[in-house]
Structures are given as structure tokens and as C-alpha cells.
């Protein structure tokens, strides 16, 4: 603890927090990939469950540690970075929620849901891959946010959210039996929330604090 | 995240340039201490006696130390001024010791004031007020034990004098300090300028003392401000390391290191108060850091003693260090004794949360009313 004072640091306080936030997002992506694979490709649920739960524990602990470190940052550095610090408290909560939603997807697999052999399996795999790649891009935005690329990213996230919402609506009006439709509707619903949170992560990194979690200059609430 | 912490047009100073600025400010600070010393020396012997006869009573000296420190919100500044006056010969080591102890109590007002910032949120305020006043209670208990011991046995001043003798020679003599030589020239220039304006003896001395006071206060303010900027990332890193590991002896060392770096115990303790308010650290984590801050802040008076180059001023600086180290040795190692200031602070915080006006009354009474009444009675 004392030696850390004398150690030459490579990064400032917020840079260190950013690095840990990026690794937290990587953990959330890992959980998402495993949980989705358990539902879509028939992977062994017991094998992935322990990994997902321990990753989620790590995400939760990191969130709590980062909250403390953000308070330390404001205490030591003063209020210059207060906007960013408040943004980070929102951001790490969004990442923590992605971890929780991955656990929800795991719950589906643990209930015996297996969508690997359905007619829409290729489509489901495509969406899963898109979301996973978006998480990787979101991590890049945390360390270097380009406003134009961030806008393009948010537009893609909005389009995907709209697509998922359409699929949920289709499920509600589907003639197919419940055991086929309900798991899909629930999965789409979790994915929609994950996409909203990933979009929120990028918004937090690039938008003014008062507009975060909203679209159209604060008019449209993207949380539901 | 967006990198927009600097205002438009504002540029962050290079660390090398800032380090150079700090070194220059330390030199200016030492010139200020030397100016104080020279100013008091220039005054007539009668004036010196009249000025300092009030603090020959140790209790009055203690309260003057509290009041002076509350006024400038820095024990580093007040103890440096005391060192300068002792170097002039107008104030003896025995009279200065209670003032140094008072400065230790007075400096705790800053973080207590910081804790009042969260007075509207009761749970936060309870944690913040307890974290701040544990410093008050520790210092008051330390004085209650060590002042009588000092008055009866002269243990602190005797030990400090012995160390001082080992370092620079016999009591009361001027020692050969290169720093004294460096600061002599500008002090001479200022004295000549003021004398050329027609000032003599008391007027000349008073003017030099006032300029010295101003220089010491301003230099310390800017040293603290710039050092904080220089080491903020290091402080942040070490506090983050503490979050995971708690308190103990290592936290005392951390308090010493941070305070020596920023030259202000108030900065160290005031950083800790919002952390306690937010519940990020507990009062048990903060307490040892606070004790370390008490020791770390004594470096400034020792630095001032180098400019004064009088063995008595070094003795006073060492008394400050010895007092705070002794207080830790007496009050920290045994868990039951260590808990006393913590329990008192938590109890006071419970009362303060129930009646918030009492928290304000506590600050006014302990740091202003009692010292004022004390000085009026005992001087």
C-alpha cells in the first residue's frame, strides 16, 4: 500500500479505471457468449454454468471496487472529473446488468431450452454473433471514443433493438405452440436489453451526462 | 470517456516545471521563516517581552496554539512561525512546546469543517463526522496525557534537546546551516528596503514579521496546491490499494508519506472524510492514516528549523515530531486504548446526527470559544 505511492504508475486514476472497465466488459461478453452458446448450440450447461457464475461474481466485485475507486478519485482530484465519474457509475452498472442478463439466458438453458435444431438457428446465431461483436466494439469506444463512429454504432444498436422488438411482437402473434414461441420471445427480450445496455455503454462514453440512457436529445427513454 | 477536464485555453503544467516551482516555493517559504526570525530580533527587548509574556503560562500557550492554527487552517504554517520566533530568541523552548501541542489540536478543525458538508444526509454525516472528530479526540487525549508529563518531567523537550545536541551542537547556539546562508541575502534586501522607507526598530521589526507571515502562508498554500497536483495520482493509487487491505501500521506509514508529500495534514485527513461519508472506508481504516498525518506534518517545522539554524528551533521542531510519535506509541498499539477515541467520535457523531446544530456548536466551542476564554483566563 505504501510502496504503491512510490511505484511509478503508467496511467492516471481515470485511465486505470477505464482499463478495469474494459476488462469488466470483456468478462460480460464472455458470460454472454457462453450462455448464448448453451441455448443455441446445445453446449453442456453444467460445464458453462460454473464459469458464468464465477465470471458474474468477478463482474460484481469489480463493480463494487470501481465505485470505491471513483469516490477516491473525486476525493483526491477534486471535482474536475465529476461528469466522467458520474458517467462511469452509470456505465459500470450497465455492464453489471449485461452480466446478470447473461445469467438469465443461462437460466433458459438450465430449464432445458435448446434452440440448436430449430429452423431459425442460423438467424439466432447471426444475431448472437452481432451482439458479441458489438460488445468488443463498445470496449474500444471506452478507451478512444470517436464521436462519428459512436453515432454510427448507436444507430446500428438502435436498428438491432428495433429488429429484436419486431421479433418479440411476431412471437406474441405467432400460431406456433407455446413451448417453441415463449423461449424465443424471452431470449429476444434478454438480447434486446443487452443491446440497450451495450448502446448505453457507448452513449456514456461519448454523450453529455444528462442525455445518457435517452435518445433524441433526451426525448426517448431507451430503458424499458 | 471524453477527455475534457481542462477549461478551454487552460494547459496542464509539465511535472518537471511544477517540481521546479515547488522547489522555488520551498525556498520562498524558508525566506519567510528567516524574515520572521529577523523581524522579531529587530524589535526591542521590551517589545519582545510584552508580545510573548502571555504565553509563559502553558495552558495559555496551548490555547494560543489552537487559535493561531484555526486562524490559518494549517499546523504546518503555525508551527513554522513558532520555530521562527524561537530562533529569534524571543520565545523559549518550554513556552513553545504547549503552543506546538495546541497547533496539533487546531489543525483538526479543517476536516471537521469538511464533514459538515454532508450534514443534510444523516447516515453519511454520521460516518463523516465520526471520521473527522476521531482526529480531534486523539489529539486532545494526547495533549491531556503528554502536556502534564512534559510540564512535570520535561521529557519531550529534554529528549528533543538531546537529539538536537547530537545533530548540531549545544542548546541555544547557532549552527552552520547552508540553507541559512542561502536565505540570508533576500532577507537582508527586504530589511534594507523597509529600513529605507524610514522604518526603525519596532516598526521595522513588525513590518518584517508581517511580510514573513504573509510569505510563509502564501508559500505553504502554493506548495501544498502544487504538490497535490504532482502526487495526486500516487495518492489515488495508494488509497485504492488501502481500500482492499484496511488499516494498521502500514496505513500510519501511508498517512506519513502522503502528508510529507503534500506538506499538509489537513489535506490528507480531508481527503479521507468524503471516503468515510460514502462508506468506502471505515473509521478504523481512517484512524491510522490520521495518526500518520500527525507525524508527517511535522516535517514542515523541521524544514523551517533548517532555515532558522538555531539549535532551539530545531529542538522545537523535534518536539513536534516526538509528541506525535509518543502519542501513537501510547494510544495506538493496545486495542482497548485505541478504541477510546474511535468510540468517543462515534458517540459524538450519534449526538450530532440527532441534533445537527450541536455539531456546529461543537466546532465553534472547541476551536474558538474555549481557546478564547482559555487565553483570557490564563494569560
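No value in this document is a laboratory result; all are computed from the given coordinates. Note that the structure is a prediction, hence the values are computed from the model and not measured. A quick note on method: Cβ atoms are made from the backbone with ideal geometry, for glycine too, and the neighbour counts reach across all protein chains shown.
Could you tell me which of rounded, prolate or oblate describes the stretch B:254-379, using a ≥ b ≥ c as the square roots of the eigenvalues of the alpha-carbon gyration tensor, with rounded for a/c under 1.5 and, failing that, prolate when a/b is larger than b/c and oblate otherwise? Oblate, since a/c reaches 1.5 and b/c is not below a/b. Sorting the segments B:199-209, B:121-131 by their mean number of nearby beta carbons within 10 angstrom, highest to lowest, gives B:121-131, B:199-209.
Taking 0.36 nm per residue of separation and subtracting the Cα-Cα distance, what length does fully extending residue A:54 through residue A:90 add?
Values: separation 36, 0.36 × 36 = 12.96 nm, distance 2.28 nm.
Gain in length upon complete extension: 10.7 nm.
What the Cα convex hull of the stretch B:16-378 gives, in volume per residue, is 138 Å³.
Taking each residue as 0.36 nm, the span from residue B:181 to residue B:145 lengthens on full extension beyond its C-alpha to C-alpha distance by 9.0 nm.
Ranked by how many other Cβ atoms sit within 10 Å of their own Cβ, fewest first, the residues A:182, B:319, A:76 fall in the order A:182, A:76, B:319. The ranking of B:82, B:286 by Cβ neighbour count inside 10 Å, starting from the fewest, reads B:286, B:82.
If I take R0 = 35 Å and measure r between the Cβ atoms of residue A:19 and residue A:152 in this structure, what FRET efficiency does the formula 1/(1 + (r/R0)^6) give, to the nearest 0.05?
Values: r = 25 Å, r/R0 = 0.71.
The formula returns an efficiency of 0.90 here.
Compute the distance from the alpha-carbon center of the stretch B:297-360 to that of the stretch B:101-148, in whole Å. Taking the Cα centre of the stretch B:101-148 as reference, the centre of the stretch B:297-360 is 10 Å away. In this simple spin-label model, placing a label point 7 Å from the Cα along the Cα-to-Cβ direction at both residue B:18 and residue B:351 gives a separation of 4.2 nm. Distance from the C-alpha centroid of the stretch A:3-40 to that of the stretch A:115-154: 18 Å, rounded to the whole angstrom.
As a proxy for reagent exposure, B:18, B:237, B:338 were ordered by neighbouring Cβ count within 10 angstrom, fewest first; the result is B:18, B:338, B:237.
Could you work out how far helix B:122-153 tilts from the main Cα principal axis of chain B, as a 0 to 90 degree angle to the nearest 10? Value to nearest ten degrees: 40. Label-to-label distance, residue B:153 versus residue A:137, with points set 7 angstrom from Cα along the beta-carbon direction: 7.4 nm.
In chain B, the longest principal axis of the Cα atoms and the axis of helix B:155-168 are about 60 degrees apart. Axis angle, to the nearest 10 degrees, between helix A:13-40 and the longest C-alpha principal axis of chain A: 10 degrees. The stretch between residue A:170 and residue A:47 holds 41.0 nm of extra length on full extension. This uses 0.36 nm per residue minus the Cα-Cα distance. Other protein chain C-beta atoms within 10 Å of residue C-beta, averaged over A:77-84: 4. Cα centroids of the stretch B:221-283 and the stretch A:66-88: 15 Å apart.
Spin-label pair residue A:180-residue B:249: with each label point 7 Å from Cα along the Cα-Cβ axis, the two points sit 7.3 nm from one another. Quick check: from the Cα gyration tensor, does the protein assembly as shown come out rounded (a/c under 1.5), prolate or oblate? The shape class here is prolate. Shielding of peptide A:141-152 by partners, expressed as the average count of other chain Cβ atoms within 10 Å per residue Cβ, is 1.
Rounded to the nearest 0.05, what FRET efficiency do residue A:82 and residue A:116 give with R0 = 45 Å and r taken as the Cβ-Cβ distance? Could you check? Don't skip to the answer; put the middle values down first.
On the way: r = 48 Å, r/R0 = 1.07.
Efficiency, from the Cβ-Cβ distance: 0.40.
Take B:259-266, B:66-73 and order them by the average number of nearby Cβ atoms within 10 Å per residue, most first; the result is B:259-266, B:66-73. From its DSSP helices (H runs of at least four residues, each -39,500 (n - 2.57)), chain B gives a residue-normalised ellipticity at 222 nm of -27000 deg cm²/dmol. A Förster radius of 22 Å, combined with the Cβ-Cβ distance separating residue B:197 from residue B:376, puts the computed FRET efficiency at roughly 0.05.
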